[in-house]
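The structure appears right after this line, and notes come after that.
The values are calculated or read from the model by the stated rules, or taken from the named source; none is laboratory data. Bear in mind the structure is a predicted one, so any value in this text is a computation, not a measurement. Glycine gets a Cβ as well: all are built from the backbone with ideal geometry, and neighbour counts include every protein chain shown.
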Amino acid sequence: MNTIPKTVIPQLSASKIASITSSITNPVKKQGAYAVKVEKEPNGKFEIEFGFRASSEMLYEFFSTASGLSEWFCDDVNIRNGIYTFIWDGQMQQARLLKTVDNQLAKYQWVDKTDGSYFEFRIQRDDLTNDISLIVTDFADSKADQESAKLLWHSQIEKLMHVIALYFKPSLILYKSTLNE
């Protein structure tokens, strides 16, 4: 007869597991320095659309992960408790990730902005042509600020396009070399 006592391990329900997972990946938003209560979307919203020759999955990684963002958006990114710390030339700026939809959207808000403004990266696929577009949403207080922000976004997205082209370049070179043989 076996004298080793049996340990009963309680089973976790799927809803309990989902609750635990959610609390780990989406920390509880408490009143404090990083919590922002949004009343309504402020004025000054603008959108810019860019065409891409890349899969939505690949493009999404570049604006939703620290490694992807540090390839083109900033010099470095650190994430702690849902706060993204972006570093440019030694200067830091922090943003909270407000919303993500896999392979479609990432929405951020600067922690020092309490007016409801945000910046968002949204992927849109044309159902007819399967063309991929990246739509950047941002806010500006004046027309001059909006023009300046648009120039900055164009510059940043050019960097992103260059980085993505580098990922495809080795396969293009390989394809070219096999055609020449």
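Of all residues in region 55-70, none satisfies being outside any helix (DSSP H, G or I), charged (D, E, K, R) and more than 21 Å from Ser155 (Cβ to Cβ). Take Trp88 and tell me if it is without any contact (Cβ under 8 Å) to a residue 40 or more places away in the chain and farther than 17 Å from Ser70 by Cβ. So Trp88 does not fit the description; no.
If you check Lys45, Lys113, which single one turns out to be more than 21 Å from Leu160 (Cα to Cα), surrounded by fewer than 16 Cβ atoms within 10 Å (Cβ to Cβ) and at pLDDT 95 or above?
So the residue among Lys45, Lys113 that is more than 21 Å from Leu160 (Cα to Cα), surrounded by fewer than 16 Cβ atoms within 10 Å (Cβ to Cβ) and at pLDDT 95 or above is Lys45.
The condition of being in contact with a Leu (Cβ under 6 Å, 6 or more places away or on another chain) and either of a type outside the set (Phe, Trp, Tyr) or at pLDDT 90 or above (or both) holds for only one of Arg122, Arg96, Arg80, Arg53, that being Arg122.
Looking only at residues in region 42-54 that are of a type outside the set (A, V, I, L, M, F, W, C) and assigned to a loop (DSSP other than H, G, I, E, B), the one that is nearest to Glu71 (Cα to Cα) is Arg53.
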